[in-house]
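Below: the structure, in structure tokens.
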Amino acid sequence: MVFAGGTSKMFQTGEWRTNTPIFHEDLCKQCLLCAPVCPDGSIPVKDSKRGAFDYDHCKGCGICERVCPFGAIEMKEGNVNGN
Ligand code: SF4
Ligand code: SF4
């Protein structure tokens, strides 16, 4: 139940995840294609660089893996915390 507005950060929707994206930082070219396509805003960007996945809110849809041209994101089965 939602009792007030602006509370989405409090709900840890990452608990629903059945697959988990793993970030291979060594392969990342910081092209930033992945961040805007995440429907859950779970790829933070700071100073024009992406950071670690926000596993509290990532629901494991796998879209970020699909768009990454450099193989820097790998989906793993299950709800794992892989950063
Ligand atoms: S798996 Fe889906 S929800 Fe999780 S970071 Fe990637 S695009 Fe976002
Ligand atoms: S799409 Fe891939 S290479 Fe580009 S910023 Fe995201 S993880 Fe890095």
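For this structure, a couple of remarks:
- First in the range 43-70 and under 16 Å from Asn19 (Cβ atoms), second anywhere and more than 7 Å from ligand 1 (Cβ to nearest atom) and of a type in the set (Asp, Glu), Cβ under 8 Å, 6 or more apart: Ile43/Asp54; Glu65/Glu74
- Residue in the range 68-81 that is nearest to Met10 (Cα to Cα), counting only those that are in contact with a Phe, Trp or Tyr (Cβ under 8 Å, 6 or more places away or on another chain) and part of a loop (DSSP other than H, G, I, E, B): Asn81
- Residues (in a loop (DSSP other than H, G, I, E, B), in contact with a Pro (Cβ under 9 Å, 6 or more places away or on another chain) and open to solvent by 30 Å² or more (accessible area, probe 1.4 Å)) located in the range 39-67: Ala52, Asp54, Lys59, Cys61
- The set of residues in the range 1-38 that are within 19 Å of Met75 (Cβ to Cβ), at pLDDT below 95 and either within 9 Å of ligand 2 (Cβ to nearest atom) or assigned to a helix (DSSP H, G or I) (or both) comprises Thr13, Gly14, Glu15, Trp16.
The values are calculated or read from the model by the stated rules, or taken from the named source; none is laboratory data. Being a predicted model, the structure only gives us computed values, none of them experimental. Note that we place each Cβ from the backbone using ideal geometry, even for glycine, and neighbour counts take in every protein chain shown. What goes into the accessible areas is simple: the full protein's heavy atoms, side chains included, and nothing from ligands, DNA or RNA. Shrake-Rupley method; radii C 1.70, N 1.55, O 1.52, S 1.80 Å.
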